[in-house]
Each structure stands twice: as structure tokens, then as C-alpha cells.
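The values are calculated or read from the model by the stated rules, or taken from the named source; none is laboratory data. Every value quoted in this text rests on a predicted model; they were computed, and no experiment measured them. A quick note on method: Cβ atoms are made from the backbone with ideal geometry, for glycine too, and the neighbour counts reach across all protein chains shown. When the accessible area is computed, the model is the full protein with side chains, heavy atoms only, and any ligands, DNA or RNA have been set aside. Shrake-Rupley method; radii C 1.70, N 1.55, O 1.52, S 1.80 Å.
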Amino acid sequence: METTTYTIYTSIAQLPDSWDEVAHENAFLQAPYLKVLEDSAPTNMQCFYIGIFENNVHIGVALAQYLNLNKLESFGDRDKCLKTYARNFVFRNFGSHALFLGNNMITGQNGYAFNKEIDAKTIGELLCKCADEITLYFKKQNVTIHIVSFKDFYQECARELKRTSFSEMYEFNTQPNMIFELRPQWKTNDDYVASFSKKYRDQYKRAHKKFEGIETRELSLDAIISQEPRIYELYHHVAKNAPFNTFFLAKNHFSSFKKQCGERFILVGYFLNTELVGFHTLLLNGNTLETYFLGYDEQIQKEKMLYLNMLYNMNKFGIEKQFKKIIFGRTALEIKSSIGAQPVVMSGFIYHNNKLINTYFDKIFPRLEPTLVWQQRHPFK
């Protein structure tokens, strides 16, 4: 009889030696990245690392994150309307202590990994048990977890979970994950540009014309450290003007990332007259290129079409290094579709620990989501 058990760790030092071997297919679950979270997680976040065992043999890993939304300076300043104020009030008063099974900082199915085939029912049961144990951990510290969320599942996996362990939970779909599947015939950036229709080839040329005068270069660890205050300033401007936030990165996050992940983490700086006016970051994750956080000077972004040129540069890197796909995440959907990314629906599952609120969660939750209106672009011939 096979026995599946789990152990919840609160420190990277506690992880078994086999951790990275089990998590080898996903850099976001490997110790170097988890060490980044330990050293430079958002100030309102605490991480838990879950080892899963079968007959005492290590077969799986998972990540959980607790967020205290009371510590947030802002939920996002872009949208100032009645719905936004109502959403903020609800989260402050009825959802300020949230537990995520998965990684709330990135988009994609990055919550768990196994080194063998595990059925969805078992995965769901394990995640629910872990959520209950962490909820109890906080209860003993007189902290009530209001909301528990299991985030970012691709549709096939979500359907299986909905049929079994998550059948009683509210399933939600927020903005889609923008994913760019790179064509194998693209060997150079010129191949990619040649595949555009005339309208989008003209857009590419116009963006590159505007970009004149901007110098780009990959920053070393020392350069990141020396530029860190400016990097954070640029990041914080973009993050604060997002429609909704549940965290802000720590000020040493990017240098910590470079320190722990080395050449797998890339930070590209954009300079105008020697001043850093923007940056973007990437994580090399097997055959997948993961886009991470970025930042820019708003005025320069408008003048130089900085953001669009960042997207083109990420694509250029992915094509030249022969990645299979680029994960662009769930913001700026329309402009990302204009450079080739396609929307992929992802599901999450959520419940409230107040039984009365949970009963009406299917009515409450849709009213809290930011309104999304966008038009998908089709740039290729």
C-alpha cells in the first residue's frame, strides 16, 4: 500500500537534498529561486515550501504564500472609480489575510511539480490538506486566514480538479496568460519580422525609429547593485499604476535574484544619455523564456515607445536562443498580442473561511474583478 505524506518547511535550509532533482523541470520551484523569495520576498509575504513523499521517497514539491494585505501601501492607483473603492474596502476588511497555494507573484502553473505521474485527485487532496495545516498554523498565532486560493491551472488540469477535490470551490478566470509559441522556422529576428503583415511590419519599423538614442545592455550583479535604487524606482512606478496589486517587491529583489540564479536571470537596462530609463528581466526556464518584472520612465516610454521595444527585444532574445515559447503574463494584453502572443485561459479556485461569505462568493467575486476590455491583434500574414 502506497502512503503519500507531506512536510511543510519554513526555511530553505530545511529542504531535503533531493529538492532540485524533483523540481528540475521548473526553475520557479527550485532552491535558487525559492532562496530569492526567502531573502527578498515582498514585506507582506511569508513563503512555505512543501515536500511530498511516497513511502518516504521524495516525489513532489509545492509552494504556498501567505499575504497580509493590511501592510500594502496601495492596491494599485490606476483606476479611481466606485468599483475600485468598493473592492479595496472588501479586501481590507474581509480578505486581508490570504493564503495562496501557488506563486502569486508570477503567471503560470508554477505551484507544484512531481517527478512521476500523479492524478489530479491526489494533487488536489494534498494541496487542500496543506492549506488546512497552514491555516491552523496561523490560527495558533491569532491570525485568521480569510481567503484561500489555489492559483493558475491550465484548463485540462482545472477540469480534473473541479471534478474531484475542488468541486465545492468557486472557480475563477481573470485575465489570460499571454504566451508566444515561437515558430521553429524562425532562426533570426529578421525571420520573425518578415512574417508580419504590412501593418505590423510598419509598427515594428516605427517603434525602432522612435527607439534611436536608447542604449541597451545586460547588467552584471555589480551593475544591478549600483543601479538598484533607480531600478526599484522604475519598477515601483509601473507597479503602483497597475489596476490591482497584492504585493510590492523588496528593494533588493533584483540583486538577490541575480545573486542566486546567475546567468539564468537576465536584467537588461535601457539608457538615455547614460541615465537608466527602463529595464526588463527574464528567467531562463528550460525551453521556456519567462518574462519577469520591468520598469520604465513614463515620459521616455511615451517618446521612445520603450515598452513595445522591450517586448520586441524579448522576442529577439527568445528566437536567437531558440526557446520554444515565451511567457508574457497577464497584463497589457492587446500590445502583447500585437507582437505575437496568444491568450491562454487559466483558472484558479478560491474559498472564504467565513461560511456565510463563502456561500455568496460566486456573486461577490465577479464584482471585485477589474473590468477588462481589449481587442486581440493578429500580426502575422
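The set of residues from the range 320-335 being crowded, with 19+ Cβ neighbours inside 10 Å and either over 18 Å from the mean Cα position of the chain (by Cα) or without any contact (Cβ under 8 Å) to a residue 40 or more places away in the chain (or both) comprises just one member, 323.
Applying the selection to the range 159-175, what residues are out of contact with any helix residue (DSSP H, G or I) (no Cβ under 7 Å at 6 or more places or on another chain), open to solvent by less than 50 Å² (accessible area, probe 1.4 Å) and either of a type outside the set (A, V, I, L, M, F, W, C) or over 12 Å from residue 350 (Cα atoms) (or both)?
Residues of the range 159-175 that are out of contact with any helix residue (DSSP H, G or I) (no Cβ under 7 Å at 6 or more places or on another chain), as a first pass: 159, 162-163, 167-169, 173-174.
Retained after the next criterion (residues that are open to solvent by less than 50 Å² (accessible area, probe 1.4 Å)): 169.
Across the range 159-175, there are no qualifying residues.
Only a single item in (1) modelled with pLDDT under 95; (2) part of a helix (DSSP H, G or I); (3) not basic (Lys, Arg) is not met by residue 75, and it is number (2). Of all the criteria given as (1) of a type in the set (S, T, N, Q); (2) farther than 21 Å from residue 106 by Cβ; (3) surrounded by fewer than 20 Cβ atoms within 10 Å (Cβ to Cβ), the one not satisfied by residue 342 is (2).
Right, residue 276: among the aliphatic types (A, V, I, L, M) and farther than 29 Å from residue 174 by Cα or not?
On the way: among the aliphatic types (A, V, I, L, M): yes; farther than 29 Å from residue 174 by Cα: yes.
So residue 276 passes the test.
Within the range 134-158, can you find the residues that are among the charged types (D, E, K, R), loosely packed, with under 14 Cβ neighbours inside 10 Å and within 26 Å of residue 326 (Cβ to Cβ)? If the condition is that a residue be among the charged types (D, E, K, R), loosely packed, with under 14 Cβ neighbours inside 10 Å and within 26 Å of residue 326 (Cβ to Cβ), then 156 is the only one that fits.
Which residue, of 293, 317, is open to solvent by 30 Å² or more (accessible area, probe 1.4 Å) and not in a helix (DSSP H, G or I)?
Values: 317 fails: not in a helix (DSSP H, G or I).
Going through 293, 317 in turn, just one is open to solvent by 30 Å² or more (accessible area, probe 1.4 Å) and not in a helix (DSSP H, G or I): 293.
Only one residue in 266, 224, 214 is more than 22 Å from residue 41 (Cβ to Cβ) and among the β-branched types (Val, Ile, Thr), so which one is that? First the steps, then the outcome.
Values: 266 fails: more than 22 Å from residue 41 (Cβ to Cβ); 224 fails: more than 22 Å from residue 41 (Cβ to Cβ).
Of the residues listed, the single one that is more than 22 Å from residue 41 (Cβ to Cβ) and among the β-branched types (Val, Ile, Thr) is 214.
In the range 312-330, the count of residues that are touching a Pro at 6+ places or on another chain (Cβ under 8 Å) and under 20 Å from residue 182 (Cβ atoms) is one or more.
If you go through the range 116-152 and keep only what is touching a Gly at 6+ places or on another chain (Cβ under 9 Å), over 21 Å from residue 57 (Cβ atoms) and of a type outside the set (D, E, K, R), you end up with 146, 147, 149, 150. All conditions in (1) polar (S, T, N, Q); (2) open to solvent by less than 10 Å² (accessible area, probe 1.4 Å); (3) free of Cβ contacts under 8 Å to residues at least 40 places away in the same chain hold for residue 359, with the sole exception of (2).
Please work out which residue is modelled with the highest pLDDT, limiting yourself to the range 328-375 and to residues that are assigned to a helix (DSSP H, G or I) and aromatic (Phe, Trp, Tyr). Among residues in the range 328-375 that are assigned to a helix (DSSP H, G or I) and aromatic (Phe, Trp, Tyr), the one modelled with the highest pLDDT is 361.
Criterion first (out of contact with any Pro (no Cβ under 9 Å at 6 or more places or on another chain), in a strand (DSSP E or B) and of a type outside the set (Ser, Thr, Tyr)) does residue 166 satisfy it? So residue 166 does not fit the description; no.
The set of residues in the range 284-300 being within 17 Å of residue 234 (Cα to Cα) and touching a residue at least 24 places away in the same chain (Cβ under 8 Å) consists of 291, 292, 293, 294, 295, 296, 297, 298, 300.
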